[in-house]
1. Among GLU90, GLU128, GLU186, determine the one that fluctuates most according to a GNM of the chain built with springs between C-alpha atoms less than 10 Å apart.
2. With a 1.4 Å probe and all protein chains in place, put LYS152, LYS2 in order of accessible area, largest first.
3. Report the antiparallel proportion of the DSSP beta bridges in the stretch 2-210 as a percent, rounded to a multiple of 5.
4. Can you send over the carbon and sulfur percentage of the accessible area for the stretch 2-210, probe radius 1.4 Å, protein chains only?
5. Divide by every residue of the chain the summed helix terms, -39500 (n - 2.57) for each DSSP H run of at least 4, and state the resulting mean residue ellipticity at 222 nm, rounded to the nearest 500 deg cm²/dmol.
6. Enter the accessible area per residue of the chain (Å², integer; probe 1.4 Å; all protein chains in place).
7. Would you kindly find the accessible area of ARG145, with a 1.4 Å probe and non-protein molecules such as ligands, DNA and RNA excluded, rounding to the nearest 10 Å²?
8. What residue among GLN22, THR108, GLN135 has its Cα farthest toward the positive end of the dipole of the stretch 2-210, where the charges are +1 on Lys, Arg and -1 on Asp, Glu, each on the Cβ?
Amino acid sequence: MKIGIVGRPQVGKTTVFNILAQSNAEIGGYTSRGQINLSTANVPDERLAQITKISESKKTTPATIDYVDVAGVTKTDMEQAELDSGMLSELRTVDALAHVVRLFEDETVPHVDGNVDAERDIESVALEFALADFQIVEGRLTRLRKQFQNQKLPEQLSEIKLLEACQKTLEAGKPLRILDLSANEEKLIRGYGFLTQKPLLLVCNIGETQLDAAD
Ligand SMILES: Nc1nc2c(ncn2[C@@H]2O[C@H](COP(=O)(O)OP(=O)(O)OP(=O)(O)O)[C@@H](O)[C@H]2O)c(=O)[nH]1
Ligand SMILES: [Mg+2]
């Protein structure tokens, strides 16, 4: 399983990545555009040692999770096509997204928008991902409609209808994960790796002084 760690710049994504993936990637300096940190962590499971013992296996292979840490999401990112070959295309391959949300206050770590506001950050990342998905849907629809005019294949029509539903959902400001897709529909759009279709976990990065409040 592969998890993408995302969020606004300087919210603690690489810090979280280092903890989860027991890695040592550099923190503090802005992770540069196009830089991708990758690491694999074993999933601890007490049962595994017991099973190894019972089965007398010579080799024990724990389940693993691949973590991907990318640069912070900024407002114009999704309009920059060149990023699609790096950060975005990497994120399209993950099974789930962990969105790190900054709650910690620290004057030595300025927020790109000037202040800490979790709700604003959650909305802006969601919006950027929706825009990125929207661009793909639009591009694909234009091409498919042209092909359908010539070829009239039923599978083209099914995909057009499905992408139109995706377009409507995104236009309404909703993520694609709310769509109730059949197994066949799911298969039709799997290849696009839509970001708003992926399961999303919000990871709140609270400050040292906020630990009590989190109880
Ligand atoms: N005070 C405080 N500082 C933190 C916390 N988490 C991260 N930081 C600091 O915030 C700065 C940015 O952390 P990173 O983990 O590099 O943040 P990032 O989201 O990966 O940053 P970019 O990749 O540049 O977008 C570093 O100086 C961290 O030490 C926290 O919980 N409290
Ligand atoms: Mg980083």
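The values are calculated or read from the model by the stated rules, or taken from the named source; none is laboratory data. All values derive from a computational prediction rather than experimental measurement. Positions of Cβ are backbone-derived with ideal geometry, glycine not excepted, and every protein chain shown enters the neighbour counts. Just so you know, the surface numbers come from the protein's heavy atoms only, side chains and all, with ligands and any DNA or RNA stripped out. Shrake-Rupley method; radii C 1.70, N 1.55, O 1.52, S 1.80 Å.
1. Maximum among the listed residues: GLU186.
2. Sorted descending by solvent-accessible area, the residues read LYS152, LYS2.
3. Of the beta bridges lying entirely in the stretch 2-210, close to 30 percent run antiparallel.
4. 53
5. Roughly -12000 deg cm²/dmol at 222 nm, from the helical runs in the chain.
6. So the chain comes to 60 Å² accessible per residue, rounded to a whole number.
7. 100
8. It is GLN135.
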